[in-house]
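Data first, discussion second: the structure below is written as structure tokens.
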Amino acid sequence: MITKEANIPSHSPLLFDDCGCWGEREEGFAVEISDEVEGGVVVAVVVVLVMGGAKAWMFSVVSVNLNGSVLSNKHVCWRWRSSAAQQTKPISWSLVFGLMLFSLGIVSLFTGHVVSDLDWYSRRLVKQKLYFKLDGSNKGPIDIWKSENGKSFYGCSKRSRKFPHAVRERSSNGYLLIAASGGLNQQRTGISDAVVVARVLNATLVVPELDHNSYWKDNSDFVNIFDVNWFISYLVKDVTIVKKVPDKFMRSMEKNPYSMRVPRKSPPEYYLDQVLPILKRRRVLQLTKFDYRLANNIDGELQKLRCRANFHALRFTKPIQELGQKLVLRMREMAIRFIAVHLRFEPDMLAFSGCYFGGGDKERYELAEIRKRWETLPDLDADGERSRGKCPLTPHEVGLMLRALGFANDTYIYVASGEIYGGEETLRPLRDLFPNFYTKEMLANEELKPFLPFSSRLAAIDYIVCDESDVFVTNNNGNMARILAGRRRYMGHKRTIRPNAKRLSSLFMERDKMDWDTFARKVKAVQRGYMGEPDEMRPGRGEFHEYPYSCICKKNGDPESEQVRGNQGLKNRSKEEEPVLGAKGDEQVFLI
């Protein structure tokens with residue numbers, strides 16, 4: 001918005017504006033209106049009160065293009081003079097606002113636009129789009145089932161020819177033991193980062209140990225969830241991996257393996273300065289509670305190794321893969337396309353969030369008791385957390401968001417979740433909105449029984465179905481949400497919807513005060529930039545596991561492909577080999 005106001009000395013009796021209109025300061029006003037407005041819209045009306053008897057006013061109506069450029073610098077000036085200059089009759093406010101509306105009406109005749117929502121126009125000017133433009137297609141309605149721009153991108157993590165081969169076991173600096181922590185997806189981040197750390201240290205990586213003491217108390221080992229032989233062979237050129245430290249080497253050691261915990265998001269330099277000397281001296285070193293212990297921003301080749309470990313080397317065991325694919329096939333037999341929703345509305349998640357979901361004193365007491373499990377959790381203000389977008393949506397709110405985006409009530413949805421707080425009563429509103437509602441328990445009965453005692457394996461089955469779905473909907477920013485969002489970007493930007501909880505929370509509170517069409521329009525507006533488009537991914541934003549920008553390439557019609565960081569091509573990479581299924585977890589969101 002551009003406007004100019006005259007600088008009038010306090011002793012001056014005159015008001016002078018840019019269009020040449022002037023009047024006695026105590027008697028008149030001038031109205032400035034742009035008239036040549038081809039292709040423009042009126043975006044603002046600025047009223048400047050010139051103090052001095054409160055009778056001199058200047059109205060400036062500016063017409064600009066949507067890119068912010070001024071379309072006109074020609075003006076029409078109106079002037080009114082009081083019949084009695086010596087009288088000090090106050091100006092009528094109704095007259096002032098009436099003139100403003102009259103001015104808008106005149107300009108609307110020129111432009112063909114009725115300026116009824118200045119806030120909307122200003123948002124279009126200042127923030128024309130909430131994510132970077134690719135080819136102009138983001139101006140229209142978003143396709144809720146697929147990303148039109150996604151077909152131009154693919155995952156590319158192939159190792160460079162300049163990337164040296166892994167050192168052999170005998171020549172390495174020692175054996176690196178990794179104790180991953182948390183739920184399955186949290187452990188997954190630790191495993192893929194451990195591969196990179198082993199490479200940095202020129203160490204022999206021992207197959208990581210999984211956490212048996214997390215909230216889910218799952219005693220599954222690596223070999224029960226992942227194809228260990230595939231893991232070792234796929235990364236053989238990058239890192240030497242063994243199933244255990246040789247017995248004869250362990251017997252020759254004078255001391256037990258040394259254990260240490262590195263700070264979160266440590267850069268490679270930290271490992272070289274602080275960890276490598278200990279590894280060389282002790283020859284066997286264990287890194288405990290290993291999750292998110294490697295920095296987000298590291299060398300591009302190491303980032304690609306991270307992607308190879310995460311998206312390719314970590315493949316599920318055959319029983320998990322087979323059952324997961326059966327569930328996908330059963331969903332496809334009922335519907336050509338379907339949504340997978342990760343509700344993440346379990347009691348532990350709600351307690352950890354510190355939010356309130358309308359269950360009264362009973363809910364407050366139950367969630368407070370669960371919070372006592374973590375001594376370091378601070379007291380949180382539930383209303384404040386919701387206004388900051390830190391609270392997961394309720395199942396009902398998830399359903400309302402999806403219906404507002406345009407998914408019809410005959411859409412098939414697969415719900416990936418553990419124990420839902422409130423049980424069937426909590427789920428009923430979502431079922432009412434989407435009657436074609438399925439879970440793994442509904443799709444597989446006897447086949448699921450061998451997996452029931454193992455939460456991580458059940459989580460892996462959910463992961464496969466979510467990964468294969470046409471649309472994946474997250475409900476928090478936990479580990480599964482980040483890991484799956486990153487994987488779906490890597491696999492061609494399959495539609496992934498992440499609720500804009502901060503903006504949606506206010507809409508849900510005002511839901512009863514607006515009609516459905518207004519609510520739906522506003523939901524679509526606030527969800528732009530949260531639909532899994534390529535442009536949402538920018539270097540330095542969020543966790544690398546969610547935004548693997550170094551491993552995304554853009555097709556350009558040539559054998560070589562342009563690597564994309566955000567929306568900027570940086571390097572050429574050849575196309576990557578076949579994709580493999582990743583691993584899911586009912587992840588532990590808390591990073592303690």
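The values are calculated or read from the model by the stated rules, or taken from the named source; none is laboratory data. Note that the structure is predicted; figures quoted are calculated from it, not measured. With ideal geometry, Cβ positions are generated from the backbone for all residues, glycine too; neighbour counts draw on all protein chains shown. Surface areas here come from the heavy atoms of the whole protein model, side chains and all, with no ligands, DNA or RNA. Shrake-Rupley method; radii C 1.70, N 1.55, O 1.52, S 1.80 Å.
A Cβ-based charge dipole, computed about the Cα centre of the stretch 283-337 with Lys and Arg at +1 and Asp and Glu at -1, lands at about 140 debye. Computed as a quarter of the hull surface, the mean projected area of the alpha carbon convex hull for the stretch 233-332 stands at 9.5 nm². Pairs of Cα atoms in the stretch 367-441 fall into 10 Å distance bins, from 0 up to the last occupied one, in shares of 15, 39, 29, 15, 1 percent. Ranked by solvent-accessible area (1.4 Å probe, protein heavy atoms only, all chains present), the residues Asp227, Asp383, Asp238 order from largest to smallest as Asp383, Asp227, Asp238. Take Glu169 and Met260, extend 7 Å from each Cα along the Cα→Cβ direction, and tell me the distance between the two endpoints in nm. Label at Glu169, label at Met260, 2.5 nm between them. Cα centroids of the stretch 498-541 and the stretch 235-290: 45 Å apart. With each label modelled as a point 7 angstrom along the Cα→C-beta vector, the Lys162-Arg521 pair spans 5.4 nm.
For the listed peptides 308-314, 209-215, a ranking on the average number of other beta carbons within 10 Å per residue, highest first, reads 308-314, 209-215.
Distance distribution note for the stretch 155-304: the fraction of Cα pairs above 25 angstrom is 26%. Could you check the spin-label model distance between Lys318 and Lys513? Points 7 Å from the Cα along Cα→Cβ, value in nm. So the label points at Lys318 and Lys513 sit 6.1 nm apart. Consider all pairwise Cα distances in the stretch 176-222 and report the whole-number % of them above 18 Å. Beyond 18 Å sits 26 percent of the P(r) for the stretch 176-222.
Each of Thr394, Leu433, Trp516 was placed along the dipole of the stretch 376-532 (beta-carbon charges, centred on the mean Cα), and the one lying farthest toward the positive end is Trp516. Two numbers describe the Cα atoms of the stretch 302-376: Rg and Dmax, which are 19.6, 50 Å. By the equivalent-ellipsoid construction on the alpha carbon gyration tensor, the stretch 361-499 comes out with semi-axes of 25, 20, 18 Å, ordered largest to smallest. Only Lys, Arg, Asp and Glu carry charge here, each on its Cβ (+1 for the first two, -1 for the last two); on that basis the stretch 475-526 has a dipole of about 440 debye about its Cα centre. Shape class of the stretch 304-438 from the Cα gyration tensor (axes a ≥ b ≥ c, square roots of the eigenvalues): oblate, since a/c reaches 1.5 or more and a/b does not exceed b/c.
Can you give the FRET efficiency for Asp221 and Val242, using 1/(1 + (r/R0)^6), R0 = 22 Å, r = Cβ-Cβ distance, to the nearest 0.05? With a Förster radius of 22 Å, E is 0.90. The slack between Ala382 and Arg337, meaning 0.36 nm per residue of separation minus the straight C-alpha distance, is 12.5 nm.
For the stretch 420-514, the Kirkwood estimate of the hydrodynamic radius, built from every pair of different alpha carbons, is 15.8 Å.
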